[in-house]
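Working notes for the structure below.
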Amino acid sequence: MNFSSFFTKEFVMVLIEETKRLHISGVKQKEISKILGISKKTIYRYLRRTEPTYSSSKNRGSILDSYRNEIDQLFLKGTISKDILVHCRENGYIGCKSLIRMYLSNLKKLKTESNDKSIPSQRLIKREKNVQAISEKL
């Protein structure tokens, strides 16, 4: 069983720092693994590590990001997912169709949550305001 998913980033960073501190003070890797309760292999990995392994995936965008506004507009017009995919591919989209279908599924859920089908969801309204704010700054 992989327990790494139970550890928080902060906890792992503390383990790495403690591993390095113990190693610098002369404690052998086998003893460090007994003290900290982690495997010798993990100790070895922590000692080799020079930079934190965690990166912020929140900053990483989606391949779909540059097409979201077009997809939103086509969706609100009632265009089916197959035609939306064709439109995106014509405009350079190289991602998979399942990504677009999942996005459209979420849009449908958001739209059905609102009582009136002609009213765009709050998420779409928020995105439109963000786009307007960015274009005003430019």
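The values are calculated or read from the model by the stated rules, or taken from the named source; none is laboratory data. What you see is a predicted model, and the numbers here were worked out from it, not measured in a lab. Don't worry about glycine lacking a Cβ; one is built from the backbone with ideal geometry, like all the others, and counts go over all protein chains shown.
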task: Would you confirm whether any residue within region 53-65 is touching a Phe, Trp or Tyr at 6+ places or on another chain (Cβ under 7 Å) and modelled with pLDDT under 90?
output: yes
field: Residue satisfying condition, being at pLDDT 90 or above and assigned to a helix (DSSP H, G or I), within set V86, V14, V27
entry: V86
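Kindly establish whether G78 is on the phi > 0 side of the Ramachandran plot and modelled with pLDDT of 85 or more.
Details: on the phi > 0 side of the Ramachandran plot: yes; modelled with pLDDT of 85 or more: yes.
Yes; evaluated as a whole, the condition is true for this residue.
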query: Pairs under 7 Å by beta carbon, first residue within 17 Å of S105 (Cβ to Cβ) and assigned by TED's automatic domain parsing to the domain that holds N106 in region 65-78, partner hydroxyl-bearing (S, T, Y) and assigned to a helix (DSSP H, G or I), six or more apart or different chains?
result: I71/Y103
